[in-house]
Amino acid sequence: MEELRKLADALIKRAKEAGLGIVTAESCTAGLMCQVLSDAEGAGQAFHGGFVTYTKEHKSCALGVPEMLLHEKGAVCGEVARAMAEGALKHSKAGISAAITGVAGPEPDEDGNPVGRVCIGIARRGLPTSEFERHYPDVGRDAIRQRAVADALKAMTEALASVSAAA
């Protein structure tokens, strides 16, 4: 958890410097990213909050993820991570978001996705949304969740750094 705290502190600092708020959309991490961000120094000035959308139905009604996409592709794919990240921005005033959807275990999900498959989306107002996929080893729910949150925090920090460098 110490690594997560350091990553969250760095992201909050970068977001404050950029004048952007952060919002999250989480599924398999069940709010862990929100917890880590809310504990970071200066969180009250940059962290807006998050959505925990554990079911397909909630991803659709809370974030606007298309039901047809969830039906055709399942909840664990890059397209859903992208839609979750974009939905979080649409339903907030934040400027950057991260979304995590995946399978933390202990069993594969109802669509047959294996434990450790996680997709992360990063959205920033006015810029293209990105997504990527990770395949973590089956090392337990907590470890998979922590690795997914670490990768999402790093990706948001990099997104803010790349925008700052381009400016």
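Can you say whether ASP142 is assigned to a loop (DSSP other than H, G, I, E, B) and among the acidic types (Asp, Glu), as far as the supplied structure shows? No: the conditions fail for ASP142. Go through segment 38-57 residue by residue and tally those that are over 17 Å from GLY121 (Cα atoms) and assigned to a helix (DSSP H, G or I). Total satisfying the criteria: 6.
Condition check ((1) buried (at least 21 other Cβ atoms within 10 Å of the Cβ); (2) of a type outside the set (A, V, I, L, M, F, W, C); (3) modelled with pLDDT under 95; (4) over 13 Å from the mean Cα position of the chain (by Cα)) across all residues:
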| position | (1), (2), (3), (4) |
| --- | --- |
| SER27 | yes, yes, no, no |
| MET33 | yes, no, no, no |
| LEU37 | yes, no, no, no |
| GLY44 | no, yes, no, yes |
| SER60 | no, yes, no, yes |
| GLY64 | no, yes, no, yes |
| GLY74 | no, yes, no, yes |
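For LYS90, the conditions (1) buried (at least 20 other Cβ atoms within 10 Å of the Cβ); (2) within 16 Å of the chain's Cα centre (by Cα) all hold with the exception of (1).
Rundown of residues vs (1) in contact (Cβ under 8 Å) with a residue 24 or more places away in the chain; (2) surrounded by fewer than 24 Cβ atoms within 10 Å (Cβ to Cβ); (3) farther than 19 Å from ALA15 by Cα, yes/no style:
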{"site": "MET68", "(1), (2), (3)": "no, yes, yes"}
{"site": "VAL80", "(1), (2), (3)": "yes, no, yes"}
{"site": "SER97", "(1), (2), (3)": "yes, no, no"}
{"site": "THR101", "(1), (2), (3)": "yes, no, yes"}
{"site": "VAL118", "(1), (2), (3)": "yes, no, yes"}
{"site": "PRO128", "(1), (2), (3)": "no, yes, no"}
{"site": "PRO137", "(1), (2), (3)": "no, yes, yes"}
{"site": "ALA143", "(1), (2), (3)": "no, yes, yes"}
{"site": "MET156", "(1), (2), (3)": "yes, no, no"}
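Does at least one position in segment 120-129 carry a residue that is at pLDDT 95 or above, assigned to a helix (DSSP H, G or I) and within 12 Å of the chain's Cα centre (by Cα)? No, because not a single residue in segment 120-129 is at pLDDT 95 or above, assigned to a helix (DSSP H, G or I) and within 12 Å of the chain's Cα centre (by Cα).
A count restricted to segment 58-87 and to residues that are on the phi > 0 side of the Ramachandran plot and part of a helix (DSSP H, G or I) stands at 0.
Does GLU72 satisfy the criteria of being touching a residue at least 40 places away in the same chain (Cβ under 8 Å) and farther than 19 Å from ILE22 by Cα? Judged against the criteria, GLU72 is not a match. Look at (1) assigned to a helix (DSSP H, G or I); (2) buried (at least 19 other Cβ atoms within 10 Å of the Cβ); (3) aliphatic (A, V, I, L, M) and you find that ALA150 fails only one, number (2).
The values are calculated or read from the model by the stated rules, or taken from the named source; none is laboratory data. Remember, it's a predicted structure, so these values are computed and weren't measured experimentally. No Cβ is skipped: glycine too gets one built from the backbone with ideal geometry, and neighbour counts run over all protein chains shown.
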